[in-house]
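**Q** Okay, handing you the structure first.
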Amino acid sequence: MASQPAWVNSLFTYTGSSSFSEFLGVHAPNLHPARNESLAAPVGDEIPHATTIVAATCAGGVVMAGDRRATSGNIISQRDIEKVFRTDDYSCMGIAGTASTGLELARLYRVELEHYEKTEGRSLSTEGKAHRLATMIRGNLPMAMQGLVVVPLFAAYDPSHDTGRIFSYDVGGGPYEQKDFHSIGSGSIFARGSLKKLYRENSSPQDTVLACLHALYDAADDDSATGGPDVMRKIWPVVSVITDDGFRRLPDDEVAEFVESMLERRMTAPEGPTAPLR
């Protein structure tokens, strides 16, 4: 195979920045999701939207879970979309809002972190990762003003504190660090209400996973855009756990066991577990 010209190797070796997003915007702006041409008119509900994501810290880490439904207005456009993504060995992000833009953002952000690590020879700190994502969200603001809004939720294990951390965003960026737990998307108000009752500080990852699944179930119970576990089709929420051992996505059969345990209890208590008053 013919070797590449020297100027091509120089271009990709000496980018002038540790940011892959900036490099892409300069040399291939047509491939950058935040630099595409403006839309003629707002697209509104015509494009599928991802819905509810929850995250909660646990003993030595953090758990993130997302439902699998995507909607276009009042239509279910997809039943098994994935909204929680590994971004590096110790972090992940979930997306809510315009699904296509969110998927592009998740892929680009993962490359962004890999590019930084390769060019700088080290990983970004947890705060650095959160702020780098905020910069990318801010770059999408013109598209957000036309209806292509995507708002992620970022979670990471911070080795300097030996704990999990959660960051939320708005369309202008952020980030805003959240204590203990948080939720985004159309069902977030119901999921957060559920977690207020079920969350326990320093719970085991297994108990925190169960609390997050209960929160997603409660969100689906009151928000039509959020999908509950689909037992007939065997479509389960995406659940990820991040500890000092790294990122781990729970396999479907393991999530199914948690769901079956939750549903068994809901058969006798449809509103879910209650928190003690004292």
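The values are calculated or read from the model by the stated rules, or taken from the named source; none is laboratory data. Predicted, not measured: the structure shown is a model, and the values here were computed from it. Here the Cβ is made from the backbone with ideal geometry for all residues, glycine too, and neighbour counts use every protein chain on show. Side chains included, ligands, DNA and RNA excluded: accessible areas come from the protein's heavy atoms. Shrake-Rupley method; radii C 1.70, N 1.55, O 1.52, S 1.80 Å.
**Q** Select from the stretch 222-238 the residues that are charged (D, E, K, R) and open to solvent by less than 90 Å² (accessible area, probe 1.4 Å) and write down the one among them that is farthest from GLN78 (Cα to Cα). Don't jump to the end; show me each part of the working.
**A** Here is the first cut: in the stretch 222-238, the residues charged (D, E, K, R) are 222-223, 230, 233-234.
Now drop any that are not open to solvent by less than 90 Å² (accessible area, probe 1.4 Å), which leaves 223, 230.
Numbers: ASP223: 16, ASP230: 13 Å.
So, considering only residues that are charged (D, E, K, R) and open to solvent by less than 90 Å² (accessible area, probe 1.4 Å), the one farthest from GLN78 (Cα to Cα) is ASP223.
**Q** Would you mind listing the strands (runs of 3 or more DSSP E) fully within the stretch 126-221 where at least 1 residues are buried (at least 20 other Cβ atoms within 10 Å of the Cβ) and β-branched (Val, Ile, Thr)? It would help to see each step written out before you state the result.
**A** On the way: elements: 150-158, 163-170, 173-178, 181-184.
Counting at least 1 such residues, we get 150-158, 163-170, 181-184.
**Q** State all residues of the stretch 239-263 that are of a type in the set (Phe, Trp, Tyr) and either open to solvent by 60 Å² or more (accessible area, probe 1.4 Å) or assigned to a helix (DSSP H, G or I) (or both); if no residue qualifies, say none.
**A** The one that is of a type in the set (Phe, Trp, Tyr) and either open to solvent by 60 Å² or more (accessible area, probe 1.4 Å) or assigned to a helix (DSSP H, G or I) (or both): PHE258.
**Q** Now, a different point. Can you say whether TYR116 is of a type in the set (Ser, Thr, Tyr), outside any strand (DSSP E or B) and over 15 Å from THR51 (Cα atoms), as far as the supplied structure shows? It would help to see each step written out before you state the result.
**A** Values: of a type in the set (Ser, Thr, Tyr): yes; outside any strand (DSSP E or B): yes; over 15 Å from THR51 (Cα atoms): yes.
When the stated conditions are applied, TYR116 passes them.
**Q** Also: Taking TYR199 and the conditions (1) closer than 16 Å to ASP67 by Cβ; (2) at pLDDT 95 or above, which numbered condition does it fall short on, given that it satisfies the others?
**A** So the condition that TYR199 fails would be (1).
**Q** Another one. Pairs only if they're at least six apart or on different chains, beta carbon under 6 angstrom, first in the stretch 175-202 and on the phi < 0 side of the Ramachandran plot, second aliphatic (A, V, I, L, M) and in a loop (DSSP other than H, G, I, E, B); list them, first residue then second.
**A** SER186/ALA225; LYS197/ALA275
**Q** Residue under question is GLY121, and the condition is that it be out of contact with any Asp or Glu (no Cβ under 8 Å at 6 or more places or on another chain) and surrounded by fewer than 15 Cβ atoms within 10 Å (Cβ to Cβ); does it hold?
**A** Details: out of contact with any Asp or Glu (no Cβ under 8 Å at 6 or more places or on another chain): yes; surrounded by fewer than 15 Cβ atoms within 10 Å (Cβ to Cβ): yes.
The answer is yes for GLY121.
**Q** Could you pull out the residue among THR101, THR135 that is under 29 Å from ILE76 (Cβ atoms) and of a type in the set (Val, Ile, Thr)?
**A** Among THR101, THR135, only THR101 is under 29 Å from ILE76 (Cβ atoms) and of a type in the set (Val, Ile, Thr).
**Q** Restrict the check to the stretch 99-109 and report whether at least one residue is under 15 Å from the mean Cα position of the chain (by Cα), of a type in the set (Phe, Trp, Tyr) and within 18 Å of ALA65 (Cβ to Cβ).
**A** Checked the stretch 99-109: no residue is under 15 Å from the mean Cα position of the chain (by Cα), of a type in the set (Phe, Trp, Tyr) and within 18 Å of ALA65 (Cβ to Cβ).
**Q** Separate question: So the check is Cβ under 8 Å with 6+ separation or different chains; which pairs have a first residue in the stretch 54-65 that's at negative phi and a second one that's surrounded by 24 or more Cβ atoms within 10 Å (Cβ to Cβ) and in a loop (DSSP other than H, G, I, E, B)?
**A** ALA65/PRO237
**Q** In this structure, does ASP162 turn out to be of a type outside the set (Ser, Thr, Tyr) and under 24 Å from GLU201 (Cβ atoms)? Working first, answer last.
**A** Details: of a type outside the set (Ser, Thr, Tyr): yes; under 24 Å from GLU201 (Cβ atoms): yes.
Taking the combined requirement at face value, the residue satisfies it.
**Q** For the stretch 229-245, which residues satisfy the criterion of being on the phi < 0 side of the Ramachandran plot and out of contact with any Gly (no Cβ under 7 Å at 6 or more places or on another chain)?
**A** First, the residues of the stretch 229-245 that are on the phi < 0 side of the Ramachandran plot: 229-233, 235-245.
Within the stretch 229-245, PRO229, ASP230, VAL231, MET232, ARG233, ILE235, TRP236, VAL239, SER240, ASP245 qualify.
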